[in-house]
Every structure is written in C-alpha cells, then in structure tokens.
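Trainee: First the structure, then my questions, so here it is.
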Amino acid sequence: MDDTDSLHDDALRRRAFASAAVTGLAGLAGCTGTVRPFVGKRETTTDAATGVQSLVVAADVGDVTVTPNADLSAGAVRAHVTKRSSSLLRSLSSATFSLTTTDGRAEARVRTEDGVVRLGPTPNVRLRIEAHPSVVVAAARSSDGDVTAHGTGGDAVVRTTNGDATATDVDGFVRVQSVNGDVRAHSCDGVRGVVSKNGDAEATVRALRSDADVGATNGDVRASLGASLGARVVAETTHGDLTVSATLDDARRSDRRVAGTVGDGGPTLRVSSETGDVSVT
C-alpha cells in the first residue's frame, strides 16, 4: 500500500467517526425522528348502557367528546375512558368513572375524590361517548377540559369552566358556554346562547326560540346569520372594532352599536364583546 492509499483510508475512517458522532449527538437531543414511548401509567376502560332515552355527560376533570353512532342498537350508549399519568407514583384511582341509567335517563360521570380539580394527584382523563341517534344528548359538561358535541340529537347544553366548548351539526338548539376558553356553535338547528368570559365566541345562527346572546367579555365575537333567520339583531362592542356586513332592515348605526332586523323579526339576538372585536355577517 502506498502513502496515497494510506491517507485515503485515514480520511474515510475520520469521516465515518464524525458521522457516527453526529448521529449519536442527534439521538441524545431527540432529533432522530423516533417517537418516544409514553412513560407513566395508562388505563383504558369501556362501558355501555341500553334502553337510554336521554343522556347527560359530566366530568369534574378531563376532555369530553360526544358523537353519534348509528351502528349501535337503538337506545344504546357506549363510553370509552382513558386515564393517564406521567408519574409512575401517581394513582389513577383519584378519578373514577360511572355510567348509570334510571328510567331511561343515563348519566356518564367522571368524578374526582372530592369534586375538586387539583394540580398534583389528579390524572389526565379523556371521556369519549358514542350514542345511537335516537338518544337525546341533553348536556355535556366538564369543569376542567374541552367539551365537544358533534352530530348529536336534541337540545343540548355544552359547557366547561376551563377549556373550549364546541357544538357542531347538533339536531337541536344549543347553549354553549365557557369561563376560560373559546366557544363555537356551527351547523346546529338553532342557538340558545354562545357565551365565553375569557375567550372568543363564534356561531352560525339559523334560528332562535327566544332572546339569545353570542358574546364574550374578553374576546372577539363572530356571528353568521342564517338565510331563514327572523330576529332583531343588536351588535355592539365597548372597546373593539364593530363590523356588520349582514343586511339589516331599519338599521340604526353608530361606531359602537348597530341594531336592526332580519327576516320577519322576532326574538333579539345580541352579539357583543366588552374588549374584543365584533363581526356580524
């Protein structure tokens, strides 16, 4: 072997060593693209009920999702509960689940030990409910988590304290509420109220049965008026911009307030925010 071959082999060895070193450092930094396995505790349970006419879902803690499932038998409800904790030392038993039925009324419930959400011992909870379309979903609530009702039947209350509340494609009139989070109602038969204290509010309003608010204290508000809506519309903001592109009859306008009617008039729809922008289309 001459000196040229020796130098060439040394260069190859140096490049191979450098490549291995870079790969090792990238792996230590978590940059290899591999998915790290979940470390902690996880528990998944399933429960079911039959003969259900109406359903209430309530959680002291955790995200809640309620959807229809036509493959279930009429009057059937199925629940999927996942509890997890990133600590191997933390017990999952501090949050419990129950599904009970009395005289056709079912309640799916996640409870903490004393009904209080704590930062330390409470595990993360996800509650997913499937209900046959014949079941009226009357309420879906959480004290600490996002709540979603999609495609359910019957008038519904969708509410959370800390999290987002969303109702879509509900075959009924909805009331959607959050204290700290965004609220949304789209493609529902009608609204009874879509309100947040600290978050944005948006709704498609097809119909009203009585006076209703789409509003926020601290957040932007957007309302889209359905083509067949009959209502008196009042849009206003205290410290934000106001945009009304919907056609209102007998409209009265100022910088902070617009009022008028759509269709044949009817109940009052109030679209408002204290600190955010308001848009009505």
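Trainee: Sort out for me the strands (runs of 3 or more DSSP E) sitting completely within the stretch 229-281 that have 2 or more residues that are touching a Ser or Thr at 6+ places or on another chain (Cβ under 8 Å) and loosely packed, with under 15 Cβ neighbours inside 10 Å.
Mentor: Working: elements: 231-237, 242-244, 249-253, 257-262, 268-273, 278-280.
Counting at least 2 such residues, we get 249-253.
Trainee: Is it the case that residue 163 is at pLDDT 95 or above, under 18 Å from the mean Cα position of the chain (by Cα) and closer than 14 Å to residue 277 by Cα? Before you say what the answer is, go through the steps one by one.
Mentor: Working: at pLDDT 95 or above: yes; under 18 Å from the mean Cα position of the chain (by Cα): yes; closer than 14 Å to residue 277 by Cα: no.
Against the criterion (at pLDDT 95 or above, under 18 Å from the mean Cα position of the chain (by Cα) and closer than 14 Å to residue 277 by Cα), residue 163 does not qualify.
Trainee: Please identify the pairs in which a residue from the stretch 56-81 that is outside the structural domain of residue 168 (by the TED database) and among the hydrophobic types (A, V, I, L, M, F, W, C) has its Cβ atom under 6 Å from the Cβ atom of a residue that is at pLDDT 95 or above and outside any strand (DSSP E or B), counting only partners at least 6 apart or on another chain.
Mentor: Matching pairs, first to second residue: 66/152; 70/133; 72/132; 74/132; 74/134; 76/50; 76/132; 77/52.
Trainee: Pick out the one residue from 237, 161 that is without any contact (Cβ under 8 Å) to a residue 40 or more places away in the chain and not acidic (Asp, Glu). Spell out the reasoning first.
Mentor: On the way: 237 fails: without any contact (Cβ under 8 Å) to a residue 40 or more places away in the chain.
Being without any contact (Cβ under 8 Å) to a residue 40 or more places away in the chain and not acidic (Asp, Glu) holds for just one of 237, 161, which is 161.
Trainee: Of the residues that sit in the stretch 120-129 and are surrounded by fewer than 19 Cβ atoms within 10 Å (Cβ to Cβ) and touching a strand residue (DSSP E or B) at 6+ places or on another chain (Cβ under 7 Å), which one is modelled with the lowest pLDDT?
Mentor: Quick first cut of the stretch 120-129, residues surrounded by fewer than 19 Cβ atoms within 10 Å (Cβ to Cβ) only: 120-121, 124, 126, 128.
Add one more test, that the residue is touching a strand residue (DSSP E or B) at 6+ places or on another chain (Cβ under 7 Å), and what stays is 124, 126, 128.
Details: 124: 86, 126: 96, 128: 99.
Here the answer is 124.
Trainee: List every residue pair whose Cβ atoms lie under 8 Å apart, where the two residues are 6 or more positions apart in sequence or sit on different chains, the first residue falls within the stretch 255-275 and is more than 8 Å from residue 232 (Cβ to Cβ), and the second residue, located anywhere, is in a strand (DSSP E or B) and among the basic types (Lys, Arg).
Mentor: Pairs found: 258/252.
Trainee: Among the residues of the stretch 90-100, are any in contact with a Gly (Cβ under 9 Å, 6 or more places away or on another chain) and modelled with pLDDT of 95 or more? If you could, list the steps in order and put the result at the bottom.
Mentor: Taking the stretch 90-100 first, the residues in contact with a Gly (Cβ under 9 Å, 6 or more places away or on another chain) are 90, 95.
From the residues that got through so far, the ones that are modelled with pLDDT of 95 or more too are none.
No, the stretch 90-100 contains no residue that is in contact with a Gly (Cβ under 9 Å, 6 or more places away or on another chain) and modelled with pLDDT of 95 or more.
Trainee: How many residues are surrounded by fewer than 18 Cβ atoms within 10 Å (Cβ to Cβ) and either within 17 Å of the chain's Cα centre (by Cα) or not assigned by the TED database to the domain that holds residue 178 (or both) if we restrict to the stretch 198-228?
Mentor: Selection size over the stretch 198-228: 1.
Trainee: A further question follows. Cβ-Cβ below 7 Å, separation at least six or inter-chain, first residue in the stretch 127-146 and acidic (Asp, Glu), second surrounded by fewer than 20 Cβ atoms within 10 Å (Cβ to Cβ): which pairs?
Mentor: Every condition considered, the pairs that remain are 130/67; 130/69; 130/72; 130/78; 144/117; 144/161; 144/162.
Trainee: Got at least one residue in the stretch 204-220 being of a type in the set (A, V, I, L, M), without any contact (Cβ under 8 Å) to a residue 40 or more places away in the chain and outside any loop (DSSP other than H, G, I, E, B)?
Mentor: Let us first name the residues in the stretch 204-220 that are of a type in the set (A, V, I, L, M), namely 205, 207-208, 212, 214, 216.
After this cut, where a residue has to be without any contact (Cβ under 8 Å) to a residue 40 or more places away in the chain as well, the list is 207.
Next, only the ones that are outside any loop (DSSP other than H, G, I, E, B) stay: none.
Within the stretch 204-220 (the criterion being of a type in the set (A, V, I, L, M), without any contact (Cβ under 8 Å) to a residue 40 or more places away in the chain and outside any loop (DSSP other than H, G, I, E, B)), the answer is no, since none of the residues qualifies.
The values are calculated or read from the model by the stated rules, or taken from the named source; none is laboratory data. Note that the coordinates shown come from a computational prediction; the quantities given were computed from them, not determined experimentally. All Cβ positions, glycine included, derive from the backbone under ideal geometry; neighbour counts span all protein chains shown.
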